[in-house]
Amino acid sequence: MDTLNDEKYQVYGYRWVVLAVYGLSTAVIQLMWTTYFSITTDAWQYYGFADKISGESAISFLSIVFMIGMITLSIPSLAAFERFGFKKSVGFGVILMGVSGLFRGLFGDSYTMAMIATVGFAIAQPFILNSPGLVAGKWFPESERATANSIGLLSSYIGMCIGLLLTPVIIEEGMSIKEMLLLYGVIGAVVALLFVIFVKEKPKNPPCPEDQAFRSDFTEGLKGAWKKKNFRYSLMIFFCMFGIFNTFFTLIEPILKQLSQNSIDATQVGMIGVLILGVAIIGSFVTCLISDKDKLHRRKPYMVIGNITGAIGLATFIFAEDFHGMVAAAALYGFFIVGGAPLVLTFAAESAYPTSEGTSEGLLMFSGNVAGVIFLGGAALFHGNHSLLMISMVIITVIYIVLIFLSKETKLEIQAMKEVKS
């Protein structure tokens, strides 16, 4: 057990156990979401659809249900965090995930039953994904919160990578789709059991002074956060970032094939997608660790540098004509923009203070999913001109970078206020 200078505040080593189990829960719910991404054709044929158009639409709708769940239930999940606490609220989502996983494993040879299970996942998802700030706020000192947030978010990337890579491998090795679904269901049930056994609501003593740990209730938190200009900037920044991310990944195959003039195949497209997520995991850890180690705990300079560099990577996709050029673009975009998302979440939470981290970050995730629907709808207006679509996304990236410049370092303002009072 680590002890801070004041004996009333303690930083427990058990915080890493809580964060690890939460991270597993996050990874698994993302695994459930990406289950069919790499085997779309096999999946619609397995469920007996007559043609490619109807089959792909049906499998794609399983993914869309997840997004609908995030949009419709994000606000209720935030209210639940405030009313019922971390373990009960997140635990509800994790247990529902485990039950839905087993249900899909046992009855998933029917598309209707798979859809019912997917609705269960969609209900569970916001209770899990909207809560990394709760873990950071309740268990971690101020100097480690960006790092804790990054671990919570990078777990999502790990789950997506596993779904993209593991599913086609085990199918190619001879496992049937139903057996694969049952395997994932058992994994979900085991993680749910681990959550119930090992996760605690909060430590015996808080990890930081009350002025750092105090957070207002849900209703006051919503009103308070919206009054903060920096939080509104954060909301718009994340709206653009996540909207671009969802659009790019949903259309990654047609985008990259058109930009490369069909010089890359579907396998290479998948490798590029996994590369983005893989370097994002590294970038998330590195960026947030550097920010946490900053003596002033600054976020803005690293957000500015990271997003400008990442924007260069996003623009590079437009001009890259072969696989190697796409790999370079993916590395820049993934490391600096996708990997920098946890830093934006932390910046938003600090901007919204004393609104709880669960409320502030949940609002950002809500806005990001709304952006995904809007941006994907807007992408249809380009009628398959993916070069113009990518140019538009680069322009949007430049716009939100301007918003980062306009925002202020909230943490520095809080420190200045404390110095004046003292």
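The values are calculated or read from the model by the stated rules, or taken from the named source; none is laboratory data. The structure presented is a predicted model; accordingly, all values stated were derived computationally and were not measured. Neighbour counts are summed over all protein chains in view; Cβ atoms, including those assigned to glycine, are modelled from backbone coordinates with ideal geometry. Side chains included, ligands, DNA and RNA excluded: accessible areas come from the protein's heavy atoms. Shrake-Rupley method; radii C 1.70, N 1.55, O 1.52, S 1.80 Å.
Data overview
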{"item": "Per-q log10 I(q)/I(0), region 321-391, q = 0.25, 0.28 Å⁻¹ (Debye; single scatterer per alpha-carbon; no solvent)", "result": "-1.07, -1.12"}
{"item": "GNM result for the chain, Cα springs below 10 Å: residue of PHE382, PHE285, PHE366 fluctuating most strongly", "result": "PHE382"}
{"item": "C-alpha long axis of helix 86-107 to longest principal axis of the chain, angle in °", "result": "10"}
{"item": "Greater than 22 Å apart at Cα, pairs in LYS8/LYS204; LYS202/LYS293; LYS87/LYS227; LYS202/LYS295", "result": "LYS202/LYS293; LYS87/LYS227; LYS202/LYS295"}
{"item": "Anisotropy class of the chain from Cα gyration tensor, a/c 1.5 cut", "result": "oblate"}
{"item": "Rounded, prolate or oblate (a/c below 1.5 giving rounded, otherwise prolate when a/b exceeds b/c) for region 271-313 by Cα gyration tensor", "result": "oblate"}
{"item": "Long-range amide H partners of THR355 with built H, under 5 Å", "result": "SER216"}
{"item": "Residue among THR41, SER57, THR26 farthest towards the positive dipole end of region 1-113, charges placed on Cβ", "result": "THR26"}
{"item": "Overall dimensions of region 44-140 as given by Cα atoms, namely Rg and Dmax in Å", "result": "15.8, 53"}
{"item": "Whole-Å semi-axes of the ellipsoid equivalent to region 256-397 (Cα gyration tensor, √5λ, descending)", "result": "30, 19, 12"}
{"item": "Volume in Å³ per residue [convex hull over Cα atoms, computed for region 31-81]", "result": "79"}
{"item": "Accessible area per residue in Å² at 1.4 Å probe, computed on the chain", "result": "42"}
{"item": "The chain, accessible surface, carbon-and-sulfur percent (1.4 angstrom probe)", "result": "68"}
{"item": "Amide proton proximity set for GLU409, modelled H, under 5 Å, gap of 5+", "result": "none"}
{"item": "Interatomic Cα distance distribution for region 305-357, bins of 10 angstrom, percent", "result": "27, 37, 21, 12, 4"}
{"item": "The chain: calculated mean residue ellipticity at 222 nm from DSSP helix runs of at least 4, using -39500 (n - 2.57)", "result": "-26000 deg cm²/dmol"}
{"item": "Packing-based ranking, highest mean first, of 184-194, 96-106 given that Cβ atoms within 10 Å are counted", "result": "96-106, 184-194"}
{"item": "Two-decimal Rg/Rh across region 110-161, once Rg and the Kirkwood Rh are taken from alpha-carbon atoms", "result": "1.17"}
{"item": "Relative intensity, log₁₀ I(q)/I(0), of region 136-178 from a Debye sum that treats every alpha carbon as a point, q = 0.19, 0.23, 0.29 Å⁻¹", "result": "-0.63, -0.74, -0.92"}
